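Asks: There's a structure below that I have some questions on.
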Amino acid sequence: MYPTVEDVLALPELRRGRPVVVAGAAGLDHRVRWVHVAEVADIAGLLHGGELVLTTGIALPADDAGLTRYIGELAGVGVAGLVVELVRRWPAELPPALVAAAQRHGLPLVALNEETRFVSVTEAVVSVITSAQVRELRATEQVHEIFTALTLSGAGPAEILREVARLSGLPVVLESLDHHLLAYDVAGGDPAELLAVWENGPIPQTGYDAAAGWLITMVGARGDNWGRLLLRTASLSEQPSHQHTVVAERAASALALNRLLAKDDESLERQSHRALLIDLLAPGTPVADAATRATALGVRLGDRRLVGISVRPRTTISATPAPALATQEVLRELSEVTASAARRAGIPALVGVVDDTSVRALLTLPTVGEIDPTLHRFASDLHRTVASTPWALPVVVALGTTVIAVPEAARSLAEAAHVAEAALRSGGARVFHRLADVRLRGLMHLMHADQRVRAFVERELSALLAHDRFHNTRLVDTLRDYCQHGGNKSAAAGAAHLSRTAFYQQLARIEQILGISLDDAESMLSLHVALLAHDASI
């Protein structure tokens with residue numbers, strides 16, 4: 001906000017005096033808070049620091065000791081600099097004692113070679129300071145308006161940090177009090193570089209950590225702090241501006257209010273995990289960036305076996321004893337239950353809700369030893385915990401293939417989702433399902449989007465599906481029961497809650513519509529595969 005001594009010397013009002021810096025040039029970056037004209041030697045006691053003192057020198061001491069003491073007193077109260085007009089007292093040059101003392105204290109000492117109107121200098125500097133203050137007030141008001149709008153719109157941490165980076169031009173990190181990454185924005189920089197610097201751990205304090213180069217603001221409400229907001233300054237030698245401090249403080253308030261307003265929503269940890277899981281599933285995500293981000297979240301992906309997980313409720317939310325709960329609320333709670341079960345099993349994991357149907361997780365396990373007992377313990381604990389929740393929905397736990405490379409994590413996560421979808425229709429009460437457990441049904445779920453599979457389903461079932469739509473019958477369900485019971489007509493009739501006579505009549509009608517014999521093993525197999533593929537696509 002305040003100009004430096006060098007800025008003031010560049011003003012036309014001072015340039016007319018032909019200023020020359022005769023000592024203390026290293027202090028030209030001192031900020032000038034005010035300009036004070038003073039001729040008396042004992043002025044230091046009336047100053048507060050940051051003043052640029054203007055004098056003709058007519059009342060300054062005549063002896064070297066007095067001049068040395070005068071400079072020492074000015075430096076002691078923190079004045080920004082001393083400007084002496086070389087016209088009246090010392091028309092040729094300043095006394096060596098004055099120059100030496102200023103150099104020793106690092107106090108800028110400026111000689112004016114022409115008579116200068118000090119009142120014009122004062123007016124010019126005050127104008128510069130006032131204009132800067134007005135600009136800063138306007139900028140501060142704008143910052144308040146921006147973060148107020150973000151708060152009212154329900155913006156989350158990612159949006160708030162994006163605005164911090166835009167307004168400050170600096171990278172920003174939101175971390176928990178135990179130094180776990182919650183969110184960040186690199187302001188156009190290198191994520192790996194920012195996270196590597198952050199990993200060293202800034203001093204947990206409020207204010208500017210000059211040694212580490214972080215502007216640190218606590219995040220919380222009513223004295224209950226839960227995180228820290230860190231702005232990375234452009235250089236370790238550059239103090240953050242007042243504007244940067246305002247942005248950090250308003251952002252911290254917006255984050256704290258967001259957490260209070262969204263206390264029923266997913267936690268910041270879950271949000272951070274969800275964002276990384278979405279990126280892992282997206283093609284083209286840099287492996288190094290994903291691994292670095294996961295490590296910052298306390299989950300190391302390197303040198304570990306990785307298992308994708310999908311956890312899905314078996315029934316719709318409307319069928320639960322608490323119908324007021326929305327689907328996303330149940331999934332958010334299910335994600336916290338899943339994360340807790342992983343912690344109890346000693347499995348570091350990324351856990352989050354990445355779609356509208358399931359909770360996804362990436363479990364990381366040691367590269368040696370059996371993992372099935374650990375996975376069984378985790379899944380069993382998850383089922384028990386879910387059963388004790390108010391919504392108490394039964395869930396399907398599906399595992400993807402175990403992989404050892406981060407780029408393959410997306411395949412394991414996607415496979416787990418397909419297995420969970422297939423397992424929803426398969427029945428059974430397994431603790432967890434793998435692709436081998438859902439067998440042909442699982443394969444059809446993996447392949448149902450293939451155009452060749454769709455064409456096969458169309459060839460096999462289109463006539464029967466059209467008949468059901470036109471005549472409002474359920475012959476496709478009859479065929480499904482028959483195939484699921486391996487052609488055992490009596491068992492299939494019992495499952496369909498029909499008499500054998502009625503069931504046999506429906507089978508005969510199916511044969512007539514499709515022009516095939518259900519006693520033919522190949523025909524029945526072909527129809528069963530087509531039904532599985534059809535069910536996978538709806």
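Rule-based calculations on the coordinates, nothing more; no lab input. All values derive from a computational prediction rather than experimental measurement. Cβ placement follows ideal geometry from the backbone for every residue including glycine, while neighbour counts extend to all protein chains displayed.
Asks: Note the angle between two axes, namely the Cα long axis of helix 242-261 and the longest principal axis of the Cα atoms of the chain, as a number of degrees from 0 to 90, rounded to the nearest 10.
Replies: 30
Asks: Further question on the same structure: Using only Cα atoms, find the angle between the long axis of helix 96-105 and the longest principal axis of the chain, and express it within 0 to 90 degrees, rounded to the nearest 10.
Replies: So the inclination is approximately 20 degrees.
Asks: All other residues with a Cβ under 12 Å from the Cβ of L28 taken together, and with Lys, Arg as +1 and Asp, Glu as -1, what is their net charge?
Replies: Every neighbour counted, the sum reads -2.
Asks: Then there's this: Determine the relative contact order of segment 268-439: mean sequence separation of Cα pairs under 8 Å and six or more apart, normalised by residue count, in whole percent.
Replies: Relative contact order, segment 268-439: 30 percent.
Asks: Give me the distance between the Cα centres of segment 151-217 and segment 104-133, rounded to whole Å.
Replies: 39
Asks: Sticking with this structure for a sec: For segment 346-431, build the convex hull from the C-alpha positions and give me its volume per residue in Å³.
Replies: Taking the convex hull of the Cα positions in segment 346-431, it is 111 Å³ per residue.
Asks: Could I ask something else about it? Note down the net charge around T217, summing +1 for each Lys or Arg and -1 for each Asp or Glu among other residues with Cβ under 10 Å from its Cβ.
Replies: Here the count lands on +1.
Asks: Placing +1 at every Lys and Arg Cβ and -1 at every Asp and Glu Cβ, with all other atoms neutral, what dipole size does segment 73-144 have around its Cα centre, in debye to the nearest 20?
Replies: 80
Asks: Report the convex hull volume per residue for segment 154-261, counting only C-alpha atoms, in Å³.
Replies: 90
Asks: Moving on to the next point. Of the beta bridges DSSP finds with both residues in the chain, what % are antiparallel, to the nearest 5? Mind dumping the intermediate values first?
Replies: Details: 42 of 55 bridges.
Given both bridge residues lie in the chain, the antiparallel proportion sits at roughly 75 percent.
Asks: In the set (i) 171; (ii) 260; (iii) 207, which value of volume of the Cα convex hull per residue in Å³ was calculated from the structure you see?
Replies: Label (iii) holds the value from this structure.
Asks: Do you know the relative contact order of segment 446-538, to the nearest whole percent, from alpha carbon pairs under 8 angstrom that are 6+ apart?
Replies: Dividing the mean separation by the residue count of segment 446-538 yields 39 percent.
Asks: What base-10 log of the normalised intensity I(q)/I(0) is obtained for segment 451-536 from the Debye formula, alpha carbons as equal point scatterers, at q = 0.11, 0.15, 0.18 Å⁻¹?
Replies: -0.26, -0.50, -0.73
Asks: Using 0.36 nm per residue of separation minus the Cα-Cα distance, give me the extension gain between V368 and A405 in nm, one decimal.
Replies: Taking 0.36 nm per residue and subtracting the Cα distance, the gain is 11.8 nm.
Asks: Would you order R474, R232, R33 from fewest to most other beta-carbon atoms within 10 Å of each residue's own beta-carbon?
Replies: R474, R33, R232
Asks: Another question, if that's okay. Would you mind counting up the charge near H179? Only other residues with Cβ under 11 Å from its Cβ, with Lys and Arg at +1 and Asp and Glu at -1.
Replies: Residues near H179 contribute -2 overall.
Asks: Further question: Based on the alpha carbon coordinates of segment 1-121, what radius of gyration and maximum Cα-Cα distance (Dmax) apply, in Å?
Replies: 12.7, 38
Asks: Right, here's the next one. For the chain, find the longest principal axis of its Cα atoms and tell me its angle to the long axis of helix 475-484, 0 to 90°, nearest 10.
Replies: Helix 475-484 and the main axis of the chain meet at about 90 degrees.
Asks: Would you work out the relative contact order for the chain, in percent, from Cα pairs under 8 angstrom that are 6 or more residues apart?
Replies: Across the chain, relative contact order equals 9 percent.
Asks: Separate question: Let a ≥ b ≥ c be the square roots of the eigenvalues of the Cα gyration tensor of segment 35-76; is it rounded (a/c under 1.5), or, if not, prolate (a/b larger than b/c) or oblate?
Replies: Oblate.
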